[in-house]
1. Out of (1) closer than 24 Å to L236 by Cβ; (2) at pLDDT below 95, the odd one out for R89 is which?
2. Where in segment 123-222 are there helices (runs of 4 or more DSSP H), lying wholly inside it, with at least 3 residues that are without any contact (Cβ under 8 Å) to a residue 60 or more places away in the chain and not assigned by TED's automatic domain parsing to the domain that holds R313?
3. In this structure, does F101 turn out to be on the phi < 0 side of the Ramachandran plot and in contact with a helix residue (DSSP H, G or I) (Cβ under 7 Å, 6 or more places away or on another chain)?
4. Limited to segment 146-164, what total is found for residues that are within 13 Å of the ligand (Cβ to nearest atom) and either out of contact with any strand residue (DSSP E or B) (no Cβ under 8 Å at 6 or more places or on another chain) or within 14 Å of P24 (Cα to Cα) (or both)?
5. Would you call R305 surrounded by fewer than 14 Cβ atoms within 10 Å (Cβ to Cβ) and outside the structural domain of L38 (by TED's automatic domain parsing)?
6. Is it true that A14 is within 11 Å of the ligand (Cβ to nearest atom), surrounded by 24 or more Cβ atoms within 10 Å (Cβ to Cβ) and either in the same structural domain as R147 (by TED's automatic domain parsing) or part of a strand (DSSP E or B) (or both)?
7. For residues that are within 12 Å of the ligand (Cβ to nearest atom) and assigned to a loop (DSSP other than H, G, I, E, B), scanning just segment 104-122, find the one that is modelled with the highest pLDDT.
8. Find the residue count for segment 27-50, including only residues that are within 16 Å of the ligand (Cβ to nearest atom), in contact with a His (Cβ under 9 Å, 6 or more places away or on another chain) and in a strand (DSSP E or B).
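The values are calculated or read from the model by the stated rules, or taken from the named source; none is laboratory data. Computed from a predicted structure; not experimentally measured. Heads up, the Cβs are rebuilt from the backbone with ideal geometry, glycines too, and the neighbour counts pull from every protein chain shown.
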Amino acid sequence: MSFKATARAGSNIAFIKYWGVADPHLNIPLNNSISMTLGALHTTTTVEWDVAGYLRADQIVIDGVRAEGPKAERVTRHLDFIRHLAGDRRFRARVVSRNNFPMASGIASSASAFAALTMAACTAIGLSLDRTQLSAIARRGSGSASRSIFGGYVEWERGGSDATSVARQLFPPDYWPLRDVVAVVSTNEKTVSSQNGHALALTSPLNSARVDAVYGMLQEVRNAIALRNLEHLGPLIEQDALAMHAVMMTSRPSLLYWQPGTLEVLHAVRRWREEDGLPVYFTIDAGPNVHLLCEPAFERELLRRLQTLSSVRTVMTSGPGEGAEVIDQHLF
Ligand code: PMV
């Protein structure tokens, strides 16, 4: 046995958001969330356990840079849990990870990162686990990573315990080839990570209203995906994205992720929809960039129009993709 494995996992974009934790240690969320796993935006991670005992600490390299401080500690904490599961706390690990999109660009790099890390580290240490068990482990690293273990359209059940707060696939990727067009208006590293932001949700007076609203919307969102009906799904997605940002803005301290470019894109999209009938809907994660969802037939026109907006720096696109998978090509 080589104690080395590589896994690739796609990022995901949430239609119903995860914002706020009921249990910060286990990352048990306040509400179910629903997302699409992204095929074209992914993280590849190789983990090798140092069974010979050369390493005194985990060695972590992300996008060519040696990770240190809180970033490295977060990965080591996750590896500690996997070491504990495998019953061997001594092994240190070599971890090399590469994103095919810029980190901290508002694309959920922690989702694909912790999904890929979980699958690679568990496989390399010889744990044989199903996707549900991997989802529970990935959740501890980053809540949204629980969803990236699965492909296509995915729901993360809030659950009430470590074993029940897991994701499951609603529909496979080829069920609906929806496009996610990401309008990047800023590539600056965000000032408050989503990991720290979750703790603030409960301080907003709007939080409980949003969580109640989510429970009224979940079935509608599942139905809209089942019917491949973007005209029904789109307004629900926009409503929850705006509700989540209202919670962020009204927490103590207040979080304001939007930049002027964010608003330029939101207004343009609504104008294109209302005045020209372009069926495009937006959502925004914990950052300033805007994810635009449309059917493949409208993607070219959307890309053409985005080029006319002065605040859009680059655009990234993806359709739905497969869940995390073990691959043969190691990064070292
Ligand atoms: O998994 P985290 O802790 O990075 O949280 C993700 C939070 C959002 O991206 C804003 C919403 C979501 O459900 O993905």
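1. Here R89 meets the rest and fails (1).
2. Numbers: elements: 131-141, 145-148, 194-197.
Correct list: 131-141.
3. On the way: on the phi < 0 side of the Ramachandran plot: yes; in contact with a helix residue (DSSP H, G or I) (Cβ under 7 Å, 6 or more places away or on another chain): no.
In short, no.
4. Step one: filter segment 146-164 for residues within 13 Å of the ligand (Cβ to nearest atom), giving 146-149, 154-156, 158.
Those still in the list that are either out of contact with any strand residue (DSSP E or B) (no Cβ under 8 Å at 6 or more places or on another chain) or within 14 Å of P24 (Cα to Cα) (or both) too: 158.
Of the residues in that region, 1 qualify.
5. Values: surrounded by fewer than 14 Cβ atoms within 10 Å (Cβ to Cβ): no; outside the structural domain of L38 (by TED's automatic domain parsing): yes.
It is false that R305 is surrounded by fewer than 14 Cβ atoms within 10 Å (Cβ to Cβ) and outside the structural domain of L38 (by TED's automatic domain parsing).
6. So A14 passes the test.
7. Here is the first cut: in segment 104-122, the residues within 12 Å of the ligand (Cβ to nearest atom) are 104, 106-115.
With the extra rule that they be assigned to a loop (DSSP other than H, G, I, E, B), the set shrinks to 104, 106-108.
Working: A104: 53, G106: 56, I107: 67, A108: 61.
Looking at the filtered set, the residue picked out is I107.
8. So the count comes out to 1.
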